[in-house]
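Working notes for the structure below.
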Amino acid sequence: MKIDLTDTTSSKINKALVQGRRAIGTPAVGMVLTLVIVTDEENQYDALKAADEASREHPSRKLVVVKRVSRSARDRSRARLDAEVRVGADAGTGETVVLRLYGEVIDHAQSVVLPLLLPDAPVVVWWPVNAPVDPARDALGKLAQRRVTDTHAAENPTDELTSRADTYTPGDTDLAWTRITPWRSMLAAALDQVDCAVTSVEVEGEQHNPSCELLAMWLADRLHVPVRRAVSSGPGLTAVRMETTCGPISLHRADGSLATLSIDGQPDRAVALKRRETSELIAEELRRLDPDDIYASALRFGVERLGDGAEPAVAAATSGASGGTATSAPAKKAPAKKAASK
């Protein structure tokens, strides 16, 4: 069921939600959180589709905030709010409200969203594109326990990672980090099968893929060994190679779907490592709303400390995440195993 409201208010939208629930015969509210999606008109369809699919696992009220740019100065000075209320089959599992903001109300989106939040339920804000420089200080970000960005959508992902590190606040996370969860789990499991010390690592992937940098920073931060970032044609992450005291360990994925795990002295194994859809990434992030300390530690390690084959950069990568002195002692596998849990 869809209800269109033109030049409306938050109070009228709440009444429309109650009216819609009664019309379809489900007056009870059985949702676990409010998901606020801040996007533009171009990307709102894909973002809402992903959120609807994720709501099968996490029933939620989805508030899509679309800030419309007015063409004339007169229109920009006139505040207006249009809304589309969806309940039942049209809203996935939960409820959906698409909010289109015009004029001066664009700068006060939090005043529109606040009355529509579910009472006594967590709030998650997701920026599929055009995330603010400091999500925690953003007017909508202040309403949330969890703030989700996507560095992959940035103009310069590497610079964006540095910006995210500078402004990190507990509760921040990024879908570029979520994408490497299977990789981190697989690498930790591989190290759990051998009794060796890692001496160096190479992470290979597309040039402008921030997930590659995050995986490299995580390995450098947890293992305290030189990590080199190599470039490939993709898709996405393609390989991780670790040199150990027992021989090389590699995880190679050429097609974005099936990977090969090679451990010295053991037969090669094929492992499923499919690139996941956005809906799966959002569903994973909604499973936990507490601060992700492992992500914070990896992010703060710094892209500039990753090795690119030059000796000074490699030496810098061997220092600890807290900025300690460089060390040549190889790290054991245990820290990587612990770091994989997210």
Requested in this report: Quick one: pull the percent of accessible area on the chain belonging to carbon and sulfur, 1.4 Å probe, ligands and nucleic acids left out.
Outcome: 49
Report summary line: One finds the C-alpha centres of segment 163-184 and segment 1-41 to be spaced, in Å, by 31
Query raised in the report: List the cysteines of the chain that have no other Cys Cβ closer than 4.7 Å: which are they?
Result: C212
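Calculate how many DSSP beta bridges within the chain are antiparallel, expressed in % of all such bridges and rounded to the nearest 5.
In the chain, DSSP labels about 55 percent of beta bridges as antiparallel.
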Query - Label assignment, Rg and Dmax of the Cα atoms in Å derived from the structure, set [x] 22.6, 73; [y] 19.2, 59; [z] 19.7, 62 - result: [x]
Query raised in the report: Is it possible to state the helix-based mean residue ellipticity at 222 nm for the chain, with each DSSP H run of 4+ residues giving -39500 (n - 2.57), the sum divided by total residues, to the nearest 500 deg cm²/dmol? What is it?
Result: -8500 deg cm²/dmol
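In a shell of Cβ-Cβ distance under 13 Å around P248, excluding P248 itself, what net charge do Lys and Arg (+1) and Asp and Glu (-1) give?
On the way: positive: R241; negative: E202, E243, D264, D268.
Residues close to P248 contribute a combined charge of -3.
What FRET efficiency comes out for Q207 versus S297 if R0 is 22 angstrom and r is the Cβ-Cβ distance? Round to the nearest 0.05. Don't skip to the end; give the middle numbers.
Values: r = 25 Å, r/R0 = 1.13.
Efficiency for this residue pair is about 0.35.
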Query raised in the report: Tell me, how many Å apart are the Cα centres for segment 256-284 and for segment 198-228?
Result: 17
Query raised in the report: If you take the beta carbon distance between S233 and L258 as r and set R0 to 25 Å, what does 1/(1 + (r/R0)^6) give as a FRET efficiency, to the nearest 0.05?
Result: 0.90
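For M1, M242, M31, give the ranking by accessible area with the largest first, probe 1.4 Å. Each step should come with its number before you reach the end.
Values: M1 70, M242 0, M31 35 Å².
Output order, biggest surface exposure first: M1, M31, M242.
If you only keep lysine pairs separated by 8 or more in sequence, or across chains, how many in the chain come under 17 Å at the Cα atoms? Walk me through the numbers before you get to the answer.
Values: K2/K12; K2/K15; K2/K49; K2/K62; K12/K62; K15/K62; K49/K62.
Lysine pairs meeting both conditions in the chain amount to 7.
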Query raised in the report: Residues of segment 279-300 with amide nitrogen under 20 Å from the 7 Å Cα-to-Cβ point of R56?
Result: 279-288
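Just the number please: accessible area per residue for the chain, 1.4 Å probe, all protein chains included, in Å². Mind dumping the intermediate values first?
On the way: 15470 Å² over 342 residues.
Result: 45 Å² of accessible area for each residue.
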Requested in this report: Using a 10 angstrom cutoff on alpha carbons, build the Gaussian network for the chain and name the most mobile of E95, E243, E285.
Outcome: E243
**Report entry** segment 115-158 - percent relative contact order, Cα under 8 Å, separation 6 or more
**Finding:** 42
Query raised in the report: What ranking, highest mean first, results for peptides 35-45, 169-179, 196-206 when packing means the other Cβ atoms within 10 Å averaged over each residue?
Result: 169-179, 196-206, 35-45
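The values are calculated or read from the model by the stated rules, or taken from the named source; none is laboratory data. Keep in mind it's a predicted model, so treat the numbers as computed, not measured. No Cβ is skipped: glycine too gets one built from the backbone with ideal geometry, and neighbour counts run over all protein chains shown. Each accessible area value is taken on the protein alone, full model and side chains, heavy atoms only, with ligands, DNA and RNA left out. Shrake-Rupley method; radii C 1.70, N 1.55, O 1.52, S 1.80 Å.
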